[in-house]
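Engineer: Got a structure for you, written out below as structure tokens; questions coming shortly.
All of the numbers you see were taken from the coordinates with simple rules; none came from a lab. It should be emphasised that the depicted structure is a prediction, and the values quoted were computed from it without experimental measurement. Neighbour counts are summed over all protein chains in view; Cβ atoms, including those assigned to glycine, are modelled from backbone coordinates with ideal geometry.
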Amino acid sequence: MKNNLPLVSIIIDNWDGKHFLKDCLPSVFGQKYPYYEVIVIDDGSVDESAGYVKTNFPKSRLIENKKHLGFALSNNQGIKIAKGKYILLLNNDTVVTENFLFPLVESLENEPQLGGAQSKIKIIPEINLLDDVATYLTPNGFLYHLGFFDYDQEKYNQRCFTFSPKGACFFIRKEVLDKVGLLDDRFYCYFEESDLAWRIWLAGYKIIFEPKSLIYHHQAGSINKQSSANRDFFSFKNRLSSLLTNLSFLSLLFILPLHLLTVSFFLLFYLFGHKWQNFIAILKAFIWNIREISSNLSKRKFIQKQIRKTSDIELFKEVFKFPPIKYYFNIFSAYQKGR
């Protein structure tokens with residue numbers, strides 16, 4: 001059976017997450033898919049994570065970074081040495097179920113048009129709550145997370161397309177990465193998986209939510225070391241950069257003004273709430289994109305000229321949604337709580 005299945009490279013980025021690895025790694029090595037490799041990138045940890053991996057999971061391939069490089073760059077390190085036909089980017093704060101890989105592999109093996117997939121993700125410790133089912137692009141350039149903090153129910157057992165899988169569990173066809181490139185190293189963290197997923201869609205592939213595959217996730221557990229101001233800086237700068245590089249010119253004319261209007265709401269909220277660090281963080285996000293204009297233009301040229309095979313009209317038919325107004329209040333509340 002083993003020889004009939006493709007190799008899956010499971011890449012786990014870790015930054016001072018020894019307490020998470022004690023649950024994550026036993027579940028990964030205890031799952032039943034027989035043909036996989038585990039690559040752990042210890043991203044400048046000071047909590048003896050690397051020693052824990054060496055002692056308890058010697059079959060892992062361990063990369064030790066002397067300093068913290070960030071989620072995007074460290075995952076790219078793992079991808080570059082991965083031997084698998086498929087890549088799984090898996091957060092260190094997850095716990096996988098024993099059969100979770102089989103549906104992911106089966107889907108992509110049987111459907112060559114699929115470039116990636118995401119498992120159903122439930123929240124630890126409230127395991128009846130969903131972290132996310134599918135994610136869609138909205139008219140203002142922000143994302144709509146279907147099923148976010150909703151109770152699992154029958155309607156979430158249907159496979160569907162998703163614009164962007166959660167970075168906590170992103171299953172990707174390796175040959176697709178060879179065509180569209182890796183995570184953008186400049187992003188550090190936040191929106192890096194959405195930016196990559198966007199390129200996968202533009203290259204003519206599709207990405208699915210696969211409900212037959214199940215994992216559990218400490219929601220935001222791996223990023224709680226970031227202050228709310230840092231989260232704002234990285235998320236706002238990366239989102240804007242991704243819009244500027246991935247949207248067609250006509251789509252940019254429509255979506256960018258709505259995006260800037262929405263960002264203005266955040267600025268006013270922080271200004272009148274006297275949250276100066278968050279206010280300044282968003283301004284710095286704009287400044288970063290101005291300074292990176294040359295890099296953004298180069299990336300845009302590569303995407304629009306060499307990657308794009310799917311028009312925005314075709315893409316939006318699959319992944320463009322208009323979320324209810326209530327959703328924005330819920331997501332904004334959760335965002336302020338660091339979820």
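Engineer: Along the Cα→Cβ direction, 7 angstrom out, place labels at ILE287 and GLU106. What is the inter-label distance in nm?
Structural biologist: Here the modelled spin labels are 5.3 nm apart.
Engineer: Once the Cα atoms of helix 325-336 and of the chain are each reduced to a long axis, what angle between those two axes, in degrees from 0 to 90 to the nearest 10, is obtained?
Structural biologist: 70
Engineer: Here's something else I'd like to know. Counting other C-beta atoms within 10 Å, which of TYR35, TYR190 has the fewest, and how do the rest follow? The partial results should precede the final answer.
Structural biologist: Details: TYR35 16, TYR190 24.
Lowest to highest Cβ neighbour count: TYR35, TYR190.
Engineer: Taking every pair of distinct Cα atoms and averaging 1/r, then inverting, what Kirkwood hydrodynamic radius in Å comes out for the stretch 228-308? Spell out each step's value before the answer.
Structural biologist: Details: mean 1/r = 0.0749 Å⁻¹.
Taking the inverse mean of 1/r over all distinct Cα pairs, the stretch 228-308 comes out at 13.4 Å.
Engineer: So, one more: Apply the Debye scattering formula to the stretch 2-223, with a single equal point scatterer on each alpha-carbon and no solvent, then give log10 I(q)/I(0) at q = 0.15 Å⁻¹.
Structural biologist: -0.95
Engineer: May I pose another question? Would you mind checking the tilt of helix 192-202 against the longest principal axis of the Cα atoms of the chain, expressed as 0 to 90 degrees and rounded to 10?
Structural biologist: 90
Engineer: How would you rank LEU129, LEU243, LEU104, going from fewest to most other Cβ atoms within 10 Å of each one's own Cβ?
Structural biologist: Values: LEU129 16, LEU243 22, LEU104 25.
Fewest-to-most Cβ neighbours within 10 Å comes out as LEU129, LEU243, LEU104.
Engineer: Where does each of PHE322, PHE254, PHE266, PHE191 land when they are ranked from fewest to most other beta-carbon atoms within 10 angstrom? Provide the component values of the computation, followed by the final result.
Structural biologist: Details: PHE322 10, PHE254 14, PHE266 18, PHE191 24.
The fewest-first ordering by Cβ neighbours comes to PHE322, PHE254, PHE266, PHE191.
Engineer: Below 8 Å, C-alpha to C-alpha, sequence gap of six or more: please give me the relative contact order for the chain in percent. Don't jump to the answer; show the numbers that get you there.
Structural biologist: Details: 623 pairs, mean separation 62.5, N = 339.
18 percent.
Engineer: Now for a different question. Any idea what the relative contact order of the stretch 228-308 is, in percent, if you count C-alpha pairs under 8 Å spaced at least 6 apart? Walk me through the numbers on the way to the answer.
Structural biologist: Working: 49 pairs, mean separation 41.7, N = 81.
52 percent.
Engineer: Strictly over 23 Å apart at the Cα level, which of LYS32/LYS59; LYS120/LYS237; LYS18/LYS54; LYS85/LYS305 would you flag in this model? Show your work: numbers first, answer last.
Structural biologist: Values: LYS32/LYS59 16 Å; LYS120/LYS237 28 Å; LYS18/LYS54 12 Å; LYS85/LYS305 27 Å.
Long pairs (Cα-Cα over 23 Å): LYS120/LYS237; LYS85/LYS305.
Engineer: Another question about this same structure. Relative to the first principal axis of the alpha-carbon coordinates of the chain, what is the inclination of helix 249-272, with its axis defined by its Cα atoms, in degrees from 0 to 90 and to the nearest 10?
Structural biologist: Compared with the principal axis, the helix lies near 80 degrees.
Engineer: Would you please give the residues with an amide H less than 5 Å from that of SER213, counting only those at least 5 places away or on a separate chain, with H modeled from the backbone geometry?
Structural biologist: LYS120
Engineer: From the backbone phi of the stretch 156-171, what are the Karplus-calculated ³J(HN,Hα) couplings (6.51 cos²θ - 1.76 cosθ + 1.60, θ = phi - 60°) in whole Hz, Gly and Pro given as x?
Structural biologist: 8, 9, 9, 5, 8, 6, 9, 5, 9, x, 5, x, 5, 7, 10, 9
Engineer: HN-Hα J couplings of the stretch 27-41 from phi, Karplus 6.51/-1.76/1.60, θ = phi - 60°, integer Hz, Gly and Pro as x?
Structural biologist: Going residue by residue, I get 6, 5, 6, x, 6, 9, 5, x, 10, 8, 10, 10, 10, 9, 9 Hz, with x marking Gly and Pro.
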